[in-house]
1. Please give every one of the lysines within straight-line cross-link reach of residue 664, meaning a C-alpha to C-alpha distance under 20 Å, and leave out same-chain neighbours fewer than 8 residues apart.
2. Would you mind checking the tilt of helix 3-19 against the longest principal axis of the Cα atoms of the chain, expressed as 0 to 90 degrees and rounded to 10?
3. Just by accessible area at a 1.4 angstrom probe, what is the order of 503, 131 from largest to smallest?
4. How high is the relative contact order of segment 362-469? Use alpha-carbon pairs under 8 Å, at least six apart in sequence, and give a whole percent.
5. As an exercise, take the mean of 1/r over every pair of distinct alpha carbons in segment 404-456, invert it, and state the Kirkwood radius in angstroms.
6. In bins 10 Å wide, starting from 0, what share of all Cα pairs of segment 648-733 does each bin hold, as a percent?
7. State the percentage of accessible surface on segment 335-383 attributable to carbon and sulfur atoms; use a 1.4 Å probe and exclude ligands, DNA and RNA.
8. How high is the relative contact order of segment 356-406, in percent, with contacts defined as C-alpha pairs under 8 Å that are six or more residues apart?
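The values are calculated or read from the model by the stated rules, or taken from the named source; none is laboratory data. Note that the structure is a prediction, hence the values are computed from the model and not measured. For neighbour counting, all protein chains shown are included, and Cβ atoms are generated from backbone atoms with ideal geometry for every residue, glycine included. Only protein heavy atoms, including side chains, enter the accessible area calculation; ligands, DNA and RNA are left aside. Shrake-Rupley method; radii C 1.70, N 1.55, O 1.52, S 1.80 Å.
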Amino acid sequence: MKIEYRVKVLVTIACALVLQMPHQAMAQGVVLDEVVVTAQKREQLASDVGIAITTFSGAQLEALGLESSTDIIAYTPGVSLAGDIGGQRAIFNIRGVVQNDYADLAEAPVAVYVDGTYLASTQAQTFGLFDVERVEILKGPQGTLFGRNATGGLVNTITAKPTDELEGYIEGTVASFEQFRLEAAVSGPLSDSVRGRFSLLSNQQGEIFTNIYNGVDANGDPGTVGGGEDGYNDDTLALRGQLEFDVGDSGALLLSANWADTTKSEGPYQVVSTTEVRNANGEAIDVIRSSNDPLNCDIIQAGACIDGNGDGSATRPIPGGDFFGNPGDPDGSGDLVNKDFAFDDQNEIESFSLTAQYDQETSFGSFVSVTDFKNFTRVVGLDSDQTPTAGLIFQSDGDIDQFSQEFRFAGGTGRVKWIAGLYYLDIATDYLQGLAEAPTPPDNFALAGQEANTIVTLDTQSTSIFGQVDVALNDDWTFTAGARVIQEDKSFDGVVNIYANTDDRVIETETLIFGPLDQLTANNDETLWSGKLQLDYTPDENSLYYFGINRGVKAGSFNAPLFGGFSPYDEEELLAYEAGAKWTVADGAAQINASIYFYDYTDYQSFTFANNASAVTNEDANYTGLEFEVLANPTDGLELMLGVSYIDAVVEDLQIATDIFLDKEPPFTPEWQVSGLVRYSWEALGGTLAAQINASYQSDFFFQPKNFTAHQFDGFTVADARLTWTDSEDLWSVVAFVDNFTDDDHSVIGFDVSSFYGTSQESYAKPITWGLSVRRNF
């Protein structure tokens, strides 16, 4: 049965269930939890906002068992996962709008905010969810009101705020792989005019991977000294403190501080043997699985085998292995690995932020000032071949300081509502990345005892003015117009040098051997604009229809690849046409959301990584898609959720080789996505029991824009089950859960290094996990 047919059946059944519901008020649980959002910089019910928006309340996040910022992707139609470092850096792809550049100087086209403040670092998009009030996912360009690189959309996480009365909770989880997670918060008044809230998260997870490395590779050559440790773990501690002050009769000042530190093993990739296919000019035109090459070539060029690593042989030492005789991963997608550069505490990410938000009500409307400082640092090391051979070691250090200031004014008279503001952002990025080779023989890559390091500073200053007005033309029709003008100035300084490598685990710039191999100092100053025109039609209090045109923009920047090749790339522009509807039916027992869109992309920033080299190029593209959601409470105790999305996305005339230009799919963009939840609650054991199954499906996708054969990952389905008991006073709750209960081992993220080693790196879904959570509210 084709997936398209299955989707039609699911949608038909969902609509039939909704239409047959008894028309009476029903008790609502977590699925129909009404969420107040700030998608238009003012508080509204999500069902009243003419934007394709998926929301998760704190109760819904708990019910779904979502622990990380990117976990919400599985239950958001039209949103998929991209990333690198084996998933340690995970980023949002909304409706095919993604740029998977792993460099710290890159910013994503999907803007991620916490409490309305922008996260410039793509690494910062992955964080633990704790003490959260709600998460809003806005689809389509949001550049008018949010501005900063919101071409594809926006994800805004709103944390729980200080309260007038004393409250709090503590929650502990024990789970597979020696995981222990502790989450807690306490909130309440400190005086008549001051309130505070303190929250913390601690997560420790043992190693999932068992490393069978015995100190040498297939040829008996040693690898990184001290390596070979087990991996795929987590050690995270995060703290948040907030103070809220009343200022006069109509003002409030909220001060917040956030700190988090995460230590992990090197990226949890596993090795897959792959073979590069070249044309007669030596240009890569495909990559295949080595198991599908009957000739067992190192590399295939013009139909013949050629030597890939300079050992004098055009074929591999063993069929289906790599260039050096290693047989590949010990158990395919299982938990065994065999690699030398493997340490359980290699990678560390730390973040810190201070925010001050001042709100004041005045006679003409409201005034908001948001002042924010953030710092992100990360240290990353990765075995680029994922084998026991002492190959090239990838290292990356990043340090990002950002400061932003926003002034916002809002008001309205009669049928007119308006908002206007000024925004300033300064980002200072120091970035190092390089490839190192150990000094021990053999010298496979002519870097023995050396490392080629790219050193970059990028300073960005962005100033914008924005405004939006909503005019009620009559009781049913509302016209919206908005615009933002941005002045963005970038200053880039990059150099590539060769340095001595004395420690495989650290990127080093102390002892210069020679250089520069490449150097660039340049500026990129741009005046950009985004805009919005929309009509909303509300014939009654239960229906909303919207029709809009949005123009999104993301500034250009610079490529800073390994071994050099500095170059600028242009801004991307997205013209989005969208129509949607939101219906509340069956006396509030169900909510239906639907949208259809067409994207006309100019100079889409397409990121390609192959053989330890990367670049962003500008391409044209067009996308057509639709999304459908049903949230329902058909009978007392029964809750249902269904989400479906479809996209036909094409990047036009992508250059594959000198004379080959083909239409391709953007990476990490499955054609179909389906998610669903069934939850049933009943009174039992002096409280309430709730049994729940939730699942998500996505069709196959490519992890590289050139769509080579081995770059395609199969579609997959992941299903979770939960049983929750809550006492009658909502003080205690106990949850038993099994995540990925079918133990589906699908591929998630990949990188191609076929011409270096005859392999690619792939990461797989976390295996089946079971556990128990206990929560006490007070």
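1. Here the lysines satisfying the reach criterion relative to residue 664 are 706.
2. On a 0 to 90 degree scale, this one is about 10.
3. 503, 131
4. After rounding, I find 26 percent.
5. 16.2 Å
6. 16, 28, 18, 14, 13, 8, 3, 0
7. Carbon and sulfur together cover 57 percent of it.
8. 37 percent
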